[in-house]
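The values are calculated or read from the model by the stated rules, or taken from the named source; none is laboratory data. Remember, it's a predicted structure, so these values are computed and weren't measured experimentally. Virtual Cβ from ideal backbone geometry, glycine too; neighbours counted across all protein chains shown. Protein only, heavy atoms only, side chains kept; ligands, DNA and RNA dropped before computing areas. Shrake-Rupley method; radii C 1.70, N 1.55, O 1.52, S 1.80 Å.
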Amino acid sequence: MFGGKKLQQETESQVWINGINDANKLSLMAWVKETKTNLVQVNGQRKYGGPPPGWIGDAPGSGSEVFISKIPQECYENQLIPLFQSVGKLYEFRLMMTFSGLNRGFAYARYTSRRHAYAAIAALNGYEMTNGCRILVCRSTEKCEIILDGLPCMLEKLMLTSVLKELTPGVEEVFLHPSRKKSDEIMAVVKYCSHRAAALAKKSLREGSHLLYGQPLTVDWLKSELKQKLESSKPSILRDCHLVQQMCNLDGRNIDNQMVSATDCLDALCQRWKLGRPLFMIKFSSMSPCGWQRFWYRVVIPNYSTPFSGYEWVIGENLIPTEKHEKAREVVAKQILTKLDAGLSSYLLTNQQTLGLNLGHSPCWAN
């Protein structure tokens, strides 16, 4: 945090370098000292308020923030904050900065009410800051959703939500979708309570994604195009759930809307195909600081051509050994069901008349 004295110290330590805009910076320092305004510089932005002095209560809700662009690079808070305060009380003002002391041409102003934000857009959009330079002011999109792509396909929503709430505050909702990259992975859309919470989570998870899963993990904003695609797609149960349910029904078992384990469904599939009972070998290795435990697996299905093997992860921190092995078997069984999916689909489609199946009207795909 810096007032006049702190700002002078940072100038002396060459936060503002190369003699750029010296007169403007001196004017800013004088304004800071005169008005006793506190500015905080962190993560490439300089911030006033959030909350401002004397504020009591929660932060303003959605719709109270405006986005400001095309700001002349020689303009600073001593010009911008008074201008935007002239239409309503500011809760927070954030000016994006470069290391050379120039602003990056855009900022965010959050007001204490949505009404003041609308007033700022009406009054200041197109305002001429300097000769020929007009700023643009519009409603901030306030992105609150990020995506995590590259997660293990057996990862449960409740488990992931619990982990994310421990790592990143402000989690509101988590949705799971098929990965955009690999068929055996999933993507999570995580909604946060505010843009700030989402931005901090995005930064934290990008820096420490190896703690969340142990393999490269894509962390990014949920872009509007992808959001529209996800929202327009049919609500779905995972593709292999349809096949698993058909397989369990083929085995003469009635699910009756109850959850069936992947291990049981793999057994049912192997029985139907007369492949023999799957034999699991699982060896656990090191535990990550976040509670994930990696394990190696090898599964031999007696009458299937090749064994299945590889590495996977489970949350094993609070599980006793028997629970950990059961969880690992579930993860592996789901992987095998997915890999066998094409073969099972072909088999069911070829034999649906003989088996008495109506694959076009499966209850799993009902809207």
**Asked** For segment 183-192, how many residues are at pLDDT 85 or above and open to solvent by 40 Å² or more (accessible area, probe 1.4 Å)?
**Response** 1
**Asked** Which helices (runs of 4 or more DSSP H) sit wholly inside segment 217-319 and have at least 3 residues that are modelled with pLDDT of 75 or more?
**Response** 224-232, 262-272
**Prompt:** Considering only strands (runs of 3 or more DSSP E) fully contained in segment 83-182, which possess at least 3 residues that are in contact with a helix residue (DSSP H, G or I) (Cβ under 9 Å, 6 or more places away or on another chain) and open to solvent by less than 10 Å² (accessible area, probe 1.4 Å)?
**Reply:** 90-97, 103-111, 145-152
**Within segment 20-50, considering residues that are assigned to a loop (DSSP other than H, G, I, E, B) and at pLDDT below 90, the one farthest from Lys89 (Cα to Cα)** = Ile20
**Prompt:** Are any of the residues in segment 61-78 open to solvent by 50 Å² or more (accessible area, probe 1.4 Å), at pLDDT 90 or above, of a type outside the set (Gly, Ala, Ser) and within 15 Å of Ile135 (Cα to Cα)?
**Reply:** yes
